[in-house]
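Here's the structure, in structure tokens; my notes come after.
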Amino acid sequence: MSKNKITDIKGRMVFDSRGKPTIEAEVIVNNKISGIAIAPSGASKGYNEAIEKKDNKKHFYGEGVTENIKLINSIIRKALIGQEIENQKKIDNILINLDGTENKSFLGGNTTIAVSMAVLRCASKSNKKPLWSYLNPKNKKLPIPEIQIIGGGKHAKGSIPIQDFMVIPNGAPDFYTALEWVYRIYKIAGDKLFKDGKLLGVADEGGYWPNFRDIEETLTFLSKCIEEAGLEFFKEVSISLDIAANNLKKEKGYILFKNNKPYSKKQFKKKLLQIINNYPIISIEDPFDELDLDEYKEFKSEAPSYLQIVGDDLVVTNTKLIKMANNNDAINTVLIKPNQIGTISETIKAINLSKKLKLFTIISARSGETEDSIISDLSVGWGIKQLKVGSMSRSERLSKWNQCLRIGEKLENNYVMHQPPSIWKSL
Ligand code: PEP
Ligand code: MG
């Protein structure tokens, strides 16, 4: 029996990186130890994500979280006071039962994840351990970073239709070197875009927002930046895409650029395979709308064996959907986002199931983020091989890479990074 009992819980409104209201939860143990966590927020969401509850009233143009805060300070507070802080599963179950819906629409997934993460943080503080080592002190490796260089889609008002053009330093000897390689690419990309008069700013996750009008132009540009940084495709650094195809699907097919003829499902699949064959791409996320499972399956059977095919909107960190995607042979990798499902315990279930099904996992932040860097601790503590948190600009992104560096220093093993997933061994 633990002596560490929850004595108070508070909710408050803070702002996320898009300047929208979000929820901060503070959990207090034994009237003295406090753990704080902030709910992130997605822009391109899966159809089955836990509901992000907002006030939908006039203030903050509908984005307020007054109701969520009231729920934390009333029924959630009452239900959790007296609980042992280490009993994450029991606490999360109380939240799930209080909510009582399939998709957390009563309390809001944003409300439950803020409380659930604050409980975890408070438990680690109560036990005087850094969060990553409280989760599992034996996990001593840093994740392979997946870092955005160019942002598009819903994160850049649809400028380039594909959402994330990222790089993966898959051949880096350690995490520190991985960041140094990506830093070079990011700097070169920024300087080149500025010089060519093509730089419009940075998108929601810190990647550049260029005025390219073509996917191939963007990929050729990114490949050049990798080469100019003196890095070798496949062996050292490769490209990763998040198509976020839910946002491209229209009645008649997939539309990349406005006023252009839509691609049929088959044509779109062909186009993606062409791109993969022409560029050093080793990972692709949400290549099709989540309802197009047949295309997923065909694509997987036709794609090169080294290609990581990642389900994000397709599976939304939900065990039922992970099973469904696996039964349909749609993906080989699951993107894990705690706020898609709404509690820490359910996130762990999704990770464990993925492992059991021999699917790789990547843990990911959201496009709306904050100074909270809990995702970095989760990635190390849970031993997840890859981490996706955006780019190398904007403090809400750097707070995550910086936390990895802090953890790396404590690990005292020269920033040892996970080995790449087995499908990349042949690269
Ligand atoms: C993503 O799609 O992987 C992502 C991080 O964006 P969002 O948070 O908008 O879903
Ligand atoms: Mg995604």
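The values are calculated or read from the model by the stated rules, or taken from the named source; none is laboratory data. Remember, predicted model here, so these are calculated numbers, not experimental data. A quick note on method: Cβ atoms are made from the backbone with ideal geometry, for glycine too, and the neighbour counts reach across all protein chains shown. For accessibility, only protein heavy atoms count, side chains too; no ligands or nucleic acids. Shrake-Rupley method; radii C 1.70, N 1.55, O 1.52, S 1.80 Å.
The rows are residues; the columns are (1) open to solvent by 10 Å² or more (accessible area, probe 1.4 Å); (2) under 19 Å from the mean Cα position of the chain (by Cα).
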{"residue": "K125", "(1), (2)": "yes, no"}
{"residue": "K138", "(1), (2)": "yes, no"}
{"residue": "P143", "(1), (2)": "no, yes"}
{"residue": "G151", "(1), (2)": "no, yes"}
{"residue": "K154", "(1), (2)": "yes, yes"}
{"residue": "K157", "(1), (2)": "yes, no"}
{"residue": "I160", "(1), (2)": "no, no"}
{"residue": "D164", "(1), (2)": "no, yes"}
{"residue": "V167", "(1), (2)": "no, yes"}
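Let me confirm something: among G201, G190, G171, which residue is away from ligand 2 (no atom under 16 Å from the Cβ), part of a strand (DSSP E or B) and not basic (K, R)?
Among G201, G190, G171, only G201 is away from ligand 2 (no atom under 16 Å from the Cβ), part of a strand (DSSP E or B) and not basic (K, R).
Would you point out the residue of region 307-330, among those that are assigned to a loop (DSSP other than H, G, I, E, B) and among the β-branched types (V, I, T), that is farthest from L248 (Cα to Cα)?
Filtering first and then ranking leaves T317.
Just to be sure I understand, how many residues within region 205-225 are among the basic types (K, R) and part of a helix (DSSP H, G or I)?
1
Looking at region 80-95 only, could you name the residues that are in a helix (DSSP H, G or I) and touching a Lys or Arg at 6+ places or on another chain (Cβ under 8 Å)?
none
Going residue by residue through region 285-295, is there one that turns out to be within 16 Å of ligand 2 (Cβ to nearest atom), within 20 Å of I162 (Cβ to Cβ), assigned to a strand (DSSP E or B) and not polar (S, T, N, Q)?
For region 285-295, residues within 16 Å of ligand 2 (Cβ to nearest atom), within 20 Å of I162 (Cβ to Cβ), assigned to a strand (DSSP E or B) and not polar (S, T, N, Q): present.
Just one of the numbered conditions (1) over 30 Å from T66 (Cα atoms); (2) assigned to a loop (DSSP other than H, G, I, E, B) is not true of Q148; which one?
Checking Q148 against (1) over 30 Å from T66 (Cα atoms); (2) assigned to a loop (DSSP other than H, G, I, E, B), the one that fails is (2).
Any idea which residue in region 196-227 is most open to solvent (accessible area, probe 1.4 Å), counting only those that are among the acidic types (D, E) and over 12 Å from G151 (Cα atoms)?
Going through the qualifying residues, I end up with E227.
Any chance you could count how many residues in region 155-168 are touching a Gly at 6+ places or on another chain (Cβ under 9 Å) and not in a loop (DSSP other than H, G, I, E, B)?
Final tally of qualifying residues: 5.
Step by step: first the residues of region 26-48, then only those that are under 18 Å from E205 (Cβ atoms) and in a loop (DSSP other than H, G, I, E, B), then the one that is most open to solvent (accessible area, probe 1.4 Å). Which residue is that?
Among them, the one singled out is K45.
Taking the condition of being away from ligand 1 (no atom under 16 Å from the Cβ), among the hydrophobic types (A, V, I, L, M, F, W, C) and over 17 Å from the mean Cα position of the chain (by Cα), how many residues in region 318-353 meet it?
Number of matching residues: 3.
Within region 407-426, track down each residue that is touching a residue at least 24 places away in the same chain (Cβ under 8 Å) and in a loop (DSSP other than H, G, I, E, B).
N413, N414, Y415, V416, H418, Q419, P420, P421, S426
Which residue pairs have Cβ atoms under 8 Å apart, sit 6 or more places apart or on different chains, and have a first residue in region 158-179 that is away from ligand 1 (no atom under 16 Å from the Cβ) and a second that is in a loop (DSSP other than H, G, I, E, B) and among the small types (G, A, S)?
A178/A172
Please indicate, with yes or no, whether at least one residue in region 369-383 is of a type outside the set (D, E, K, R), open to solvent by 10 Å² or more (accessible area, probe 1.4 Å) and within 16 Å of ligand 2 (Cβ to nearest atom).
yes
Would you please name the residue that is most open to solvent (accessible area, probe 1.4 Å), looking only at residues in region 5-21 that are over 27 Å from L248 (Cβ atoms) and under 22 Å from the mean Cα position of the chain (by Cα)?
Top of the filtered list is F15.
Within region 79-102, track down each residue that is within 18 Å of I23 (Cα to Cα) and of a type outside the set (A, V, I, L, M).
Matches in region 79-102: D92, D99.
Quick one: which of K271, K300 is in contact with a strand residue (DSSP E or B) (Cβ under 8 Å, 6 or more places away or on another chain), without any contact (Cβ under 8 Å) to a residue 12 or more places away in the chain and either within 12 Å of ligand 2 (Cβ to nearest atom) or over 25 Å from K104 (Cα atoms) (or both)?
Matching residue, one of K271, K300: K271.
Which pairs do you get when a residue that is farther than 16 Å from S41 by Cα and open to solvent by less than 50 Å² (accessible area, probe 1.4 Å), found in region 60-79, comes within reach of a residue that is part of a loop (DSSP other than H, G, I, E, B) and not hydroxyl-bearing (S, T, Y), reach meaning Cβ atoms under 8 angstrom, with the pair 6+ apart or on two chains?
Partner pairs satisfying both residue conditions: L71/L107; L71/G108; I76/L107.
Select from region 232-252 the residues that are surrounded by fewer than 16 Cβ atoms within 10 Å (Cβ to Cβ), free of Cβ contacts under 8 Å to residues at least 60 places away in the same chain and over 17 Å from G153 (Cα atoms) and list them in ascending order.
Across region 232-252, the qualifying residues are E251, K252.
Quick one: count up the residues across region 237-252 that are farther than 23 Å from A43 by Cβ and touching a helix residue (DSSP H, G or I) at 6+ places or on another chain (Cβ under 7 Å).
Looking only at that region, the number is 1.
Would you call S301 hydroxyl-bearing (S, T, Y), surrounded by fewer than 14 Cβ atoms within 10 Å (Cβ to Cβ) and assigned to a helix (DSSP H, G or I)?
Criteria met by S301.
Counting only residues that are within 28 Å of G311 (Cα to Cα) and of a type in the set (V, I, T), which one in region 14-57 is farthest from ligand 2 (Cβ to nearest atom)?
I23
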